[in-house]
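> To start, I am sharing the structure in question, which I have written as C-alpha cells.
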Amino acid sequence: MRRVSSFFDKRGRPILFAIVFLVLGFILAFSYRTFGKDAQHDQLSSSAFLAEEKYRGELIEQQERNRELSDDIGVKQEEIRAYERSFLEQEEDHADLVEEAKDLRLLLGVVPAMGQGLRVTLKDAEYDPIEQNPNDYIVHESHIFKVINELRISGAQGISINGQRITHNSYIKCTGPVITVDGRTFPAPFVIEAVGKMDVLHEALYLKGGVVDRLLLDNIVVTTEQIKNLQLAAVGEES
C-alpha cells in the first residue's frame, strides 16, 4: 500500500493537475466562446440600434424639413395666385382705360369712326307757301338735335351731318332752309350718319312716341338706312 501511495504521490499529482488544468481550460474556452459571442452580439446589436436611431432621427428631421418646404411652397403659390389676380385686374383696368380712351376720342371726333351704323335723312315737307307757314314744314335745328341726342343715348360712337363730324361742343344753327354746323353751311336734305349698332340705333328712333313719331308730327320727311360699313372722317379731315 505504501508503495502504491508513494507512487501515486510521485506520479499521480502531475496527471491530476493536468486533468484539472485541462478541464479548467475547456471551461474557460467554452465560457469565452459563449460569452464572447454574446458580447459580440450585444456589441453588434448596440451598433445596429445606434445606427437605426441615427437614421430614424435623420428621417424625422427630413420629414420636418419637407413639411416646412411644403408650407413654404403653399405660401409662394398663394403669393403667385395673388399676383396673377392682381395682374389680371390691372390688365382689365388697363383694357377698360384703353376702351374709355378710344370711346372718348371717337366722341371728340379726333379719330375716324368706322363700322356698322345708321343713316338718317331729314327733308322738308311739301307745302303751299301762299296758304301755309313755311316754318311748319322745314327742318329746324331742334329736329336735328332730337335725332343726334337719341343716337348718342343709344350708343353712337361717332356722328356727322352732311359729312361734317359732330363733337360734344358742336354749334348747329338753322337759318331758313339751311343749317350751319361749326361754321359750315348745308342745304336740305340733311343726312345724319352715326356709327354704332345699327339695330339698336334704328329701334331707338322708331320707339312708339319717339323721335321719328315726333318728327312726322312736325311734317318732317324721315328716311333711315342701316349700313354695315359706314365711315366718318375725323374733325378737320372732312371734304
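The values are calculated or read from the model by the stated rules, or taken from the named source; none is laboratory data. These numbers come from a predicted model, not from an experiment. Neighbour counts run over all protein chains shown; Cβ positions are idealised from the backbone, glycine included. Just the protein is used for accessible areas: all its heavy atoms, side chains included, with ligands, DNA and RNA removed. Shrake-Rupley method; radii C 1.70, N 1.55, O 1.52, S 1.80 Å.
> Return the residues of region 143-162 that are touching a strand residue (DSSP E or B) at 6+ places or on another chain (Cβ under 8 Å) and of a type in the set (Gly, Ala, Ser); say none if nothing qualifies.
156, 158, 160
> Please specify each residue of region 138-168 satisfying the condition of being hydroxyl-bearing (Ser, Thr, Tyr) and in a strand (DSSP E or B).
160
> Let me ask another. Just the residues that are assigned to a helix (DSSP H, G or I) and in contact with a Gly (Cβ under 9 Å, 6 or more places away or on another chain), please, taken from region 190-234.
Here is the first cut: in region 190-234, the ones assigned to a helix (DSSP H, G or I) are 198-205, 211-217.
Once the filter is applied, which keeps residues that are assigned to a helix (DSSP H, G or I) and in contact with a Gly (Cβ under 9 Å, 6 or more places away or on another chain), region 190-234 yields 198, 200, 201, 204.
> Name the single residue that is nearest to residue 237 (Cα to Cα) among those in region 158-198 being open to solvent by 10 Å² or more (accessible area, probe 1.4 Å), at pLDDT 90 or above and among the polar types (S, T, N, Q).
Result: 164.
> Give me the residue from region 158-189 that is more than 22 Å from residue 111 (Cβ to Cβ) and of a type in the set (Ser, Thr, Tyr) and, out of that set, farthest from the chain's Cα centre (by Cα).
175
> Of all residues in region 93-131 being more than 30 Å from residue 233 (Cα to Cα) and open to solvent by 70 Å² or more (accessible area, probe 1.4 Å), which is modelled with the highest pLDDT?
126
> Is it true that residue 201 is in contact with a helix residue (DSSP H, G or I) (Cβ under 8 Å, 6 or more places away or on another chain), closer than 24 Å to residue 235 by Cβ, open to solvent by less than 10 Å² (accessible area, probe 1.4 Å) and hydrophobic (A, V, I, L, M, F, W, C)?
Considered against the rule, which asks whether it is in contact with a helix residue (DSSP H, G or I) (Cβ under 8 Å, 6 or more places away or on another chain), closer than 24 Å to residue 235 by Cβ, open to solvent by less than 10 Å² (accessible area, probe 1.4 Å) and hydrophobic (A, V, I, L, M, F, W, C), residue 201 comes out as yes.
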